[in-house]
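The structure appears right after this line, and notes come after that.
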Amino acid sequence: MTMEYDLAIIGGGPAGYNAAEKAALGGLKTVLFERNAVGGVCLNEGCIPTKTLLYSAKTLDNIKSAGKYGIIAGGDPSFDLDKIISRKNKVVRKLTAGVRGKLTFSGVEIVQGTAVITGEEHETIHISCGDQIYSVRYVLVCTGSDTVIPPIPGLSDVSYWTSKEALESKELPKSLAIIGGGVIGIEFASFFNSMGVKVHVIEMMPEILGAMDKETSAMLRADYSKRGVNFLLETKVVGVSSKGVDVEKNGKTETIEADRVLVSVGRRAVTQGIGLESLNIELLRNGVRVNEYMQTSHPRVYAAGDITGFSMLAHTAIREGEVAISHILGENDPMSYRAIPGVVYTNPEIAGVGKTEEELQAEGIPYNVLKLPMAYSGRFVAENETGSSLCKIIVDTDERIIGCHLLGNPASELIVLAAVAIDNGATVEEFRKHVYPHPTVAEIIHETLFS
């Protein structure tokens, strides 16, 4: 018996499950396929579990520095790693159940298994999952990404970690070598440093955190260097053994001794094993080619999230899924990447949106920078005794806000203000007129616009 639906969504991560709910509420008979757990990598082994661990680490950091705020904590603070991991698992279970409940309430059919597109007949696309065949009018592919494992000599001979194993470990290593200084690597460096582990971060580029603003990235790195994290920049990994990681810099090699190795060099879109070739779906670079409405080369097949290989962020995926469903429902609501915030949930947090100075310099576009330390906010001073801070706003020659980069808590919550300004094409003069509650850290954006 063939099951018939208006829409099939392959992949139950942020792009998939949010799109499924929107589609069902929009009147589309929707089936969602997920081979693992609903919520995808983000909810089960990415965004949510890492932030849960990082909050425990931040709480520990706060207790350690309590004396600076006149609080006597008494003795050396300690922690129970089993309870930290258990709480992380509880948070994930709670949110996963919530997502599944929302989907069921909306009328989405959830199918556990690997779905494969098998072909098309009379404008009906066929999908197989297990022994069942599904016939659908539209398909939204949200298969996400996998961890990239680089071909490093000796790596396959040791018991290395990816982010998945690092999140599940109930035993701390004495030392940890992290291969890759991107967002995931630096967040794990932050957590394990707070837990008392000796951390080494090995990065091939001149600075950590990839395409993020270099000034704030360097300030964050300096903070963590003071806390004992060893950063090896412009350094190539040439081998891994039971003793640690062999690295090369300026023609010289050395071994970074470590009990554990964490591989964190990026993620790759999952485009294989889902039957894209049966419909001749066109690929582009590291993912599926899509237009501004998230349509692939097939007019009734859409793609959203990491599979596009463009912006591998959960919030980007959610918006892309919304755009795809809107287009299927007959609305023209194009995707914009002009103001996609990026956040690193270290302590302090770092966040950025829009253009960086480095991008603008490379493109030869003139710009001006307005910047102030976060200490110009009274609330920030009242709540922060440690760590560097900065608010940097980048404007074009017409005084339009085109970029913002923050270092200091709570950067993750403040960056959305700048994102709204950039997305709406606001000028400095226009955004100065908004009234901020006092005292809040958010006032730093207002203050910086007058600097």
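The values are calculated or read from the model by the stated rules, or taken from the named source; none is laboratory data. In this text the structure is predicted, and so the values were computed from the model without any measurement. Positions of Cβ are generated from backbone atoms using ideal geometry, with glycine treated the same way; all protein chains shown enter the neighbour counts.
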**Asked** Filtering region 212-248 down to residues that are in a loop (DSSP other than H, G, I, E, B) and crowded, with 20+ Cβ neighbours inside 10 Å, which residue is nearest to the chain's Cα centre (by Cα)?
**Response** MET212
**Prompt:** Which helices (runs of 4 or more DSSP H) sit wholly inside region 3-110 and have at least 2 residues that are farther than 15 Å from LEU140 by Cα?
**Reply:** 40-45, 47-64, 81-106
**Prompt:** So SER278 fits all but one of (1) in the same structural domain as SER169 (by TED's automatic domain parsing); (2) surrounded by fewer than 17 Cβ atoms within 10 Å (Cβ to Cβ); (3) among the small types (Gly, Ala, Ser); what number is the exception?
**Reply:** (1)
**Prompt:** Just wondering, is there one or more residues in region 334-357 that are within 25 Å of SER65 (Cα to Cα), more than 23 Å from the chain's Cα centre (by Cα) and touching a residue at least 12 places away in the same chain (Cβ under 8 Å)?
**Reply:** no
**Request:** Output the residues belonging to region 418-437 that are under 21 Å from SER389 (Cβ atoms) and surrounded by fewer than 17 Cβ atoms within 10 Å (Cβ to Cβ).
**Result:** TYR436, PRO437
**Asked** Of all residues in region 51-66 being in contact with a helix residue (DSSP H, G or I) (Cβ under 6 Å, 6 or more places away or on another chain) and not acidic (Asp, Glu), which is farthest from VAL99 (Cα to Cα)?
**Response** LEU60
**Prompt:** Residue check: is GLU109 at pLDDT below 95 and over 30 Å from ASN384 (Cβ atoms)?
**Reply:** no
**Message:** Among the residues that make up region 307-315, is at least one of them under 30 Å from LYS51 (Cβ atoms), part of a strand (DSSP E or B) and in contact with a strand residue (DSSP E or B) (Cβ under 9 Å, 6 or more places away or on another chain)?
**Reply:** no
**Prompt:** Just checking, which of THR440, THR448, THR397 is buried (at least 21 other Cβ atoms within 10 Å of the Cβ), at pLDDT 95 or above, of a type in the set (S, T, N, Q) and not in a strand (DSSP E or B)?
**Reply:** THR448
**Prompt:** Within region 324-380, which strands (runs of 3 or more DSSP E) (wholly inside it) include 3 or more residues that are hydrophobic (A, V, I, L, M, F, W, C)?
**Reply:** 350-354, 368-372
**Asked** strands (runs of 3 or more DSSP E) wholly in region 120-209 with at least 3 residues that are out of contact with any strand residue (DSSP E or B) (no Cβ under 7 Å at 6 or more places or on another chain) and either surrounded by 14 or more Cβ atoms within 10 Å (Cβ to Cβ) or modelled with pLDDT of 95 or more (or both) - which ones?
**Response** none
